[in-house]
Amino acid sequence: MSQLRPSDVVVIGAGVVGAACAHFAARAGLSVTVLDRGPVAGGTTGAGEGNLLVSDKEPGPELALALLSLRLWAELAERRDDFEYEPKGGLIVARTGAEAAAMAATAAAQRACEVTAHAVDAARLPDYEPHLSRAVVAGTHYPQDAQVQPALAAASMLRADGIRLHTGVSVTGFLRGANERVVGVRTSHGDLAAGAVVNAAGTWSGEVAALAGIALPILPRRGFVLVTEPLPPIVRHKVYAAAYAGDVAGDEADLASSPVIEGTPAGTVLIGASRERVDFDPSFPVPVLRRLAAQAIELFPVLAGASVLRAYRGFRPYCPDHLPVVGPDPRAPGLLHACGHEGAGVGLAPATGLLIARTLTGERPDVDLAPFAPTRFAEVAA
């Protein structure tokens with residue numbers, strides 16, 4: 001491994017959020033070193049579906065972040081089309097009248113916030129998804145939703161000029177300067193000086209923050225995805241049940257799941273989504289996988305004859321208020337956080353990276369950072 005050299009910025013974490021922070025900081029003219037104890041996209045990013053969604057977000061700060069991110073993803077795809085960017089749109093479907101009413105109310109509120117949402121009645125649903133179950137009573141089409149291949153996206157952003165990447169390097173502490181300012185990191189390969197440090201360590205960001213004496217309540221939330229054999233085109237959009245948004249916003253530790261189905265350019269179909277807080281339990285409980293498969297078949301009966309090639313597991317970085325932590329930490333000047341995005345990290349990564357870069361260069365952020373402040377948890381505890 002090449003020698004660690006001082007940089008304007010050190011980013012801890014080579015997942016998609018860390019890659020975006022590094023990318024936009026480098027584009028702003030800063031020298032950036034990215035450190036990860038594993039490979040690029042070796043954590044949550046590598047176990048994600050690559051969703052870029054506004055459809056599952058109610059009006060508020062996270063939706064504002066998502067809208068900015070969608071514009072940036074399109075721009076990144078124009079610059080370098082090497083991460084399977086698909087602006088294919090999303091379709092939320094309801095199976096009861098109550099679900100349809102709640103879905104319509106959410107869409108109406110979203111339309112007031114620059115979200116495009118088209119109501120689709122049962123008779124027109126086959127025009128969007130010919131293989132969708134006829135038990136579905138209504139849908140909402142979100143043409144802004146898109147998808148990327150997350151590991152490829154992280155690798156692509158890390159190729160920007162001005163970024164030095166070191167994998168297999170663990171951060172073990174922080175260097176402090178005058179007034180206890182963070183001026184670099186201690187690592188398994190020696191000390192590395194920097195003008196600022198960005199904590200983008202995903203599910204392990206709380207552990208990294210603790211090295212600086214900072215408490216961040218980021219917890220792992222386990223989820224599984226099934227991958228089918230390559231199939232003829234079956235699913236045109238990102239399709240998910242109306243109950244999915246409620247599962248994402250839920251606080252229960254117990255298992256919750258609702259069908260989320262989409263195709264990929266390779267022809268495979270990805271099937272999710274489950275959520276449960278079980279710490280870092282690495283097991284693969286077969287009942288959960290069966291439940292996901294059964295829920296997918298309920299929406300797309302044609303999948304009953306498909307073979308599942310594999311399943312994979314990931315741990316999403318969960319915050320108690322379901323908002324990410326983005327911005328500088330006044331408790332440790334020189335330390336910034338970009339973490340806690342749970343399952344929305346891929347979708348929110350470019351906006352997060354741009355906001356971090358703006359902060360590092362002293363420019364005004366494009367979105368108000370106050371709702372994402374790292375000190376908000378300490379304020380609640382007090």
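Worth a mention:
- Count of residues meeting criterion [without any contact (Cβ under 8 Å) to a residue 40 or more places away in the chain and either out of contact with any strand residue (DSSP E or B) (no Cβ under 8 Å at 6 or more places or on another chain) or open to solvent by 60 Å² or more (accessible area, probe 1.4 Å) (or both)] in the range 105-128: 10
- Strands (runs of 3 or more DSSP E) fully within the range 136-190 counting 1 or more residues that are more than 24 Å from GLY343 (Cα to Cα) and of a type in the set (D, E, K, R): 163-167, 171-176, 182-187
- Candidate set from the range 279-336 (those that are in a loop (DSSP other than H, G, I, E, B) and of a type in the set (D, E, K, R)); member that is farthest from ASN199 (Cα to Cα): ASP281
- With respect to the stated conditions, ILE261 fails to be over 30 Å from SER133 (Cβ atoms), buried (at least 19 other Cβ atoms within 10 Å of the Cβ) and modelled with pLDDT of 95 or more.
- Looking across GLY347, GLY272, GLY334, GLY314, one residue alone is within 30 Å of GLU363 (Cα to Cα), open to solvent by less than 50 Å² (accessible area, probe 1.4 Å), under 24 Å from the mean Cα position of the chain (by Cα) and small (Gly, Ala, Ser). It is GLY347.
- Which numbered condition HIS131 fails, given (1) open to solvent by 50 Å² or more (accessible area, probe 1.4 Å); (2) of a type outside the set (Gly, Ala, Ser); (3) outside any loop (DSSP other than H, G, I, E, B); (4) touching a residue at least 24 places away in the same chain (Cβ under 8 Å): (3)
- Subset of the range 25-34 (residues that are open to solvent by less than 10 Å² (accessible area, probe 1.4 Å) and either farther than 27 Å from GLN149 by Cβ or in contact with a helix residue (DSSP H, G or I) (Cβ under 8 Å, 6 or more places away or on another chain) (or both)): ALA25, VAL32, VAL34
- Checking the range 366-381 against the condition returns a match, with at least one residue being open to solvent by 20 Å² or more (accessible area, probe 1.4 Å), closer than 28 Å to ARG176 by Cα, free of Cβ contacts under 8 Å to residues at least 60 places away in the same chain and of a type in the set (D, E, K, R).
- Qualifying residue in the range 197-204 (condition: open to solvent by less than 20 Å² (accessible area, probe 1.4 Å), outside any helix (DSSP H, G or I) and hydroxyl-bearing (Ser, Thr, Tyr)): no
- Any hit, the range 46-61, residues being over 21 Å from HIS237 (Cα atoms), among the polar types (S, T, N, Q) and open to solvent by 10 Å² or more (accessible area, probe 1.4 Å): no
- With respect to (1) touching a residue at least 60 places away in the same chain (Cβ under 8 Å); (2) within 30 Å of THR33 (Cα to Cα); (3) open to solvent by 50 Å² or more (accessible area, probe 1.4 Å), the lone exception for ALA102 is condition (2).
- Near pairs, Cβ below 8 angstrom, 6+ apart or cross-chain, from the range 255-283 (farther than 19 Å from ARG316 by Cβ) to any residue that is of a type in the set (D, E, K, R): GLY263/ARG236; THR264/GLU84; PRO265/GLU84; PRO265/GLU86; THR268/GLU229; VAL269/GLU262
- Boolean, LEU323 is at pLDDT 95 or above and surrounded by fewer than 24 Cβ atoms within 10 Å (Cβ to Cβ): yes
- Positions within the range 350-362 being surrounded by fewer than 24 Cβ atoms within 10 Å (Cβ to Cβ) and either of a type outside the set (A, V, I, L, M) or at pLDDT below 95 (or both), in sequence order: ARG358, THR359, THR361, GLY362
- Every residue from the range 13-23 that is open to solvent by 10 Å² or more (accessible area, probe 1.4 Å) and more than 17 Å from ARG316 (Cβ to Cβ): HIS23
- Pair list, Cβ < 7 Å and 6+ apart or interchain, from the range 284-304 residues that are in contact (Cβ under 8 Å) with a residue 40 or more places away in the chain to residues that are open to solvent by 40 Å² or more (accessible area, probe 1.4 Å): PHE284/ARG313; VAL288/LEU255; ALA293/VAL308; PHE300/HIS131; VAL302/HIS131; LEU303/ILE297
The values are calculated or read from the model by the stated rules, or taken from the named source; none is laboratory data. Predicted model only: the values in this text are computed from it and were never measured. Don't worry about glycine lacking a Cβ; one is built from the backbone with ideal geometry, like all the others, and counts go over all protein chains shown. Areas reflect the complete protein model, heavy atoms only, side chains present, ligands, DNA and RNA absent. Shrake-Rupley method; radii C 1.70, N 1.55, O 1.52, S 1.80 Å.
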